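The values are calculated or read from the model by the stated rules, or taken from the named source; none is laboratory data. Note that the structure is predicted; figures quoted are calculated from it, not measured. In this analysis, Cβ positions are derived from the backbone assuming ideal geometry, glycine residues included, and neighbour counts consider all displayed protein chains.
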Ligand code: PFF
């Protein structure tokens, strides 16, 4: 169970949610939920499994004939998670491979990951590899062997993570990141952060998916459920915490911790960690070993996910295990491909403003994630169009844009902030400053001309504006 509990949820999902939902406050909410709600729920599930000796599908109906539907609901969860879990698994293989073949440097570049997922064939190839690896293990029935290997590898992953985390937190610039990650900022506690933490708790501890019920059904009557649950929780949360400590402060070290980087979402780990390895002595070897270990953690989880799905259908249809495994494999490949293409040729396609993968990663959505509604997107694009048209040369007041778009200034800023991470003011200034610095470089234009073009009341006022916003004396451009 610990093997199935520790996986991409801890290493990939937790850090990006923590970065996104306010760092320390997210961590605090998560830990509180884990020791209260998570603890109670896991004990309940394991106890239910042990008492009935059945898997989720039948455990609830054994309890009471009318409760069977809960088992069906719980069974649907792994069926949905499995395909896109394999997409992320594919990304992990890609990075393990890149480091193994000495392209670690290239992987640290800003656009390496975005270029990779924007392609069509390559991400699909890796995810198919990952799925095949998972189903081959199940078909050959060597799950136990893999689990034993992973028992040796997991402690290694912990040790390596500690080393990487120590390296990251001692980098210059990491201080702000450590504070962000560890110090709860009460103003950042929101319903969304709370719900994201709850979703993460279920995901990471494999709760409400029937997994723990099945695990309980194998448990001996004299084993102490409470202490097992305590151990699973400590281990699982510990690894997630470490993963966050490797990644969140690194965002501050390498990109100054700006909002856009913190909110990178599912791609965060793959953008940040290669930069860490690239700046580390012996980083390529460490990066290779690290991604291979993550791959193992991901595989043990995907194996237990696929096992669960296979068992559900074997129980229901009474067909042979082999046959069902092949069917599930085909289903997984077919369903994983859209999630993968959602970052590439299908990136224009969204469901309620989410990418396809994000949509299937529904633990974050059922439990509330800000969605970018069509209305928001339309306001944002009209606003940007006005800026593209150069309106900022005459109007730099949010009020003007808001009234043109028939909304209040406050609402406009809220929308741009939600969609882009920055308030309307930021964008107006940004366009203005870029344009001014471009014009100043053109020696044929006089300073007064540019000042007039932007409607400044006097050249001296313009000069102060330039000095303040571009940090240079305008005369420097004129010499
Ligand atoms: N708990 C796993 C993780 O944190 O990655 C995900 C998972 C694995 C869920 C296996 C369900 C499962 F059966």
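This table checks each residue for (1) buried (at least 22 other Cβ atoms within 10 Å of the Cβ); (2) within 16 Å of the ligand (Cβ to nearest atom).
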position: 6; (1), (2): yes, yes
position: 16; (1), (2): yes, yes
position: 23; (1), (2): yes, no
position: 50; (1), (2): no, no
position: 54; (1), (2): no, no
position: 63; (1), (2): no, no
position: 74; (1), (2): yes, yes
position: 83; (1), (2): yes, yes
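When you scan the stretch 30-43, do you find a residue that is under 26 Å from residue 331 (Cα atoms), within 15 Å of the ligand (Cβ to nearest atom) and in a helix (DSSP H, G or I), even just one? Checked against the condition, which is being under 26 Å from residue 331 (Cα atoms), within 15 Å of the ligand (Cβ to nearest atom) and in a helix (DSSP H, G or I), the stretch 30-43 yields no hits at all.
Which residue, of 272, 267, is part of a helix (DSSP H, G or I), closer than 22 Å to residue 17 by Cα, away from the ligand (no atom under 16 Å from the Cβ) and at pLDDT below 90?
Of 272, 267, the one residue that is part of a helix (DSSP H, G or I), closer than 22 Å to residue 17 by Cα, away from the ligand (no atom under 16 Å from the Cβ) and at pLDDT below 90 is 267.
Take residue 51 and tell me if it is part of a helix (DSSP H, G or I) and within 22 Å of residue 219 (Cα to Cα). Against the criterion (part of a helix (DSSP H, G or I) and within 22 Å of residue 219 (Cα to Cα)), residue 51 qualifies. Scanning the stretch 197-223 for residues that are more than 10 Å from the ligand (Cβ to nearest atom), buried (at least 24 other Cβ atoms within 10 Å of the Cβ) and modelled with pLDDT under 90 yields 213, 216.
In summary, residue 164 fulfils each of the numbered conditions (1) farther than 24 Å from residue 308 by Cα; (2) surrounded by fewer than 16 Cβ atoms within 10 Å (Cβ to Cβ); (3) touching a residue at least 40 places away in the same chain (Cβ under 8 Å) with the single exception of condition (2). Once the stretch 30-48 is narrowed to residues that are crowded, with 24+ Cβ neighbours inside 10 Å and at pLDDT below 95, the residue that is farthest from residue 215 (Cα to Cα) is 38.
Could you tell me whether residue 384 is modelled with pLDDT of 75 or more and out of contact with any strand residue (DSSP E or B) (no Cβ under 9 Å at 6 or more places or on another chain)? Can you show your working first?
On the way: modelled with pLDDT of 75 or more: yes; out of contact with any strand residue (DSSP E or B) (no Cβ under 9 Å at 6 or more places or on another chain): yes.
So residue 384 passes the test.
Hey, does the stretch 149-159 have a residue that's modelled with pLDDT of 85 or more, surrounded by fewer than 18 Cβ atoms within 10 Å (Cβ to Cβ) and under 24 Å from residue 338 (Cβ atoms)? Taking every residue of the stretch 149-159 in turn, none turns out to be modelled with pLDDT of 85 or more, surrounded by fewer than 18 Cβ atoms within 10 Å (Cβ to Cβ) and under 24 Å from residue 338 (Cβ atoms).
Is it true that some residue in the stretch 224-231 is within 16 Å of the ligand (Cβ to nearest atom), surrounded by fewer than 16 Cβ atoms within 10 Å (Cβ to Cβ) and touching a residue at least 40 places away in the same chain (Cβ under 8 Å)? The answer is yes; a qualifying residue exists.
To keep it simple, each residue is scored yes or no on (1) part of a helix (DSSP H, G or I); (2) touching a residue at least 40 places away in the same chain (Cβ under 8 Å); (3) exposed (fewer than 14 other Cβ atoms within 10 Å of the Cβ).
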position	(1), (2), (3)
376	yes, yes, no
383	yes, yes, no
417	yes, no, no
432	yes, yes, no
438	yes, no, yes
456	no, no, no
461	yes, no, yes
467	yes, no, no
